[in-house]
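Working notes, structure below.
The values are calculated or read from the model by the stated rules, or taken from the named source; none is laboratory data. The shown structure was predicted, so the numbers you read here are calculated from the model rather than taken from an experiment. As a convention, Cβ positions derive from the backbone with ideal geometry for all residues, glycine included, and neighbour counts pool all protein chains shown. What goes into the accessible areas is simple: the full protein's heavy atoms, side chains included, and nothing from ligands, DNA or RNA. Shrake-Rupley method; radii C 1.70, N 1.55, O 1.52, S 1.80 Å.
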Amino acid sequence: MSPDPPSRPRTRRPPACPRNTGAWPRLSAATAATRLRANNVRRKEPETGSNNFRRALADYGSREAARGGSGRTSRVAPPSTLREEGSCPCGCWVRLQGGGGGLPGSRRRPRWGSRKMLPSISVTSPVQGNGALNSRDAARHTAGAKRYKYLRRLFRFRQMDFEFAAWQMLYLFTSPQRVYRNFHYRKQTKDQWARDDPAFLVLLSVWLCVSTVGFAFVLDMGFLKMLKLLLWVVFIDCVGVGLLISTLMWFISNKYLVKRQSRDYDVEWGYAFDVHLNAFYPLLVILHFIQLLFINHVILTDTFIGYLVGNTFWLIAVGYYIYVTFLGYSALPFLKNTVILLYPFAPLILLYGLSLALGWNFTHALCSFYKYRVK
């Protein structure tokens, strides 16, 4: 009889990859660090690797919290900074209880299933030791990079969040403080105060075009005159004047309103432009939408009631512009004495009373100016 063929040695199969089984651990950074510390104490192993691992977990948890998460890891693979070397053939992240990897500085690769193992962590944080960003991340936060990203998305409508922009337009009337609270969240998650989504500007342009068409219809203008008025209002009144006001407020706030102990911070020009757009939208709705219902039958009747109604609309619109602008700059924690932005209320109320006493009609002057533009 021929001898039996030698049997193959039975090898221990590696544990199933959690990427394929869907068993990613949903542990917070604090829970994971606590369990790892308990395992190290029970096994009486050195603390060098665990200290590095806890530091990496704490850094990852803080970054997840800054992104708006709850501090729990998702079911996708975490960053490479938290990957345990040699824990899985595909290089994914396995359970902390299962271990994996080897001792720091060890050249021998540990066997699967070995319990006397510590994870080897290579922490690569974007923040250097002195607290400054490295060159690659600093280049992403420059004004030119932010401007390029904003302009690149200007014509990519599928990437714009119009629903959120419409929510902001609604709350600019009911609760503008909530809009600027969202700017705080953007600073914490994306490290910039200004909007990175041009959806608000696009919707504002649409509202401006529709209101201008309605204004031209009320003033009985032809198609060519309406088109000319539309170009004037969009590119001169909104964009041109907005750039001028934003630049002026950006210079004044950085020159005189920044706290002395916060000289390392500055007001972004994009944020100043966003504040202008936030304040301009209520003014546009009041003067170019609501006022249209009263122009022909009330405001332009050359009576005291016409002066009163028309100038009251202007008082509310300009006052709301001043108030929303004040809220925008007072939301920045490194600015001081922002209450001086409310001082224009005094001359505004004085001008309102003077216009009623002298019979000035601001809406009539606006209509005459629009007709003069399109001649």
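The table below lists the values:
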| quantity | calculated |
| --- | --- |
| Pairs of Lys in the stretch 142-374 closer than 21 Å at Cα, counting only those 8 or more apart or on different chains | 10 |
| For the stretch 142-374: relative contact order, % (alpha-carbon pairs under 8 angstrom, 6 or more apart) | 20 percent |
| Order of exposure, largest accessible area first, which applies to Arg158, Arg181, Arg195 with probe 1.4 Å | Arg158, Arg181, Arg195 |
| Measure of compaction for the stretch 142-374 (Cα Rg per 2.2 N^0.38 Å) | 1.09 |
| Area of Thr325 that stays accessible when all protein chains are in place (1.4 Å probe, Å², to 10) | 20 Å² |
| Using θ = phi - 60° and Karplus 6.51 cos²θ - 1.76 cosθ + 1.60, couplings along the stretch 223-240 (whole Hz; Gly, Pro as x) | 5, 5, 5, 5, 5, 5, 5, 4, 5, 4, 5, 6, 8, 9, 5, 8, 6, x |
| Simple spin-label estimate for Phe369 and Ser262 in nanometres, 7 Å along Cα-Cβ | 3.4 nm |
| Accessible area, probe 1.4 Å, largest first, for residues Tyr180, Tyr372, Tyr171 | Tyr372, Tyr171, Tyr180 |
| For a label point 7 Å along the Cα-to-beta-carbon line of Leu342, residues of the stretch 300-332 with backbone N under 16 Å | 319-332 |
| Inter-label distance for Ala357 and Ser205, nm, one decimal - labels placed 7 Å from Cα along Cα-to-Cβ | 4.5 nm |
| Arg152 accessible area, 1.4 Å probe, all protein chains in place, Å² to nearest 10 | 100 Å² |
| Nearest-10 value in Å² for the accessible area of Tyr352, using the 1.4 Å probe | 40 Å² |
| Label zone at Leu231, where the point sits 7 Å out along the Cα-to-Cβ direction: the stretch 351-375 residues whose backbone N lies under 18 Å | 370-375 |
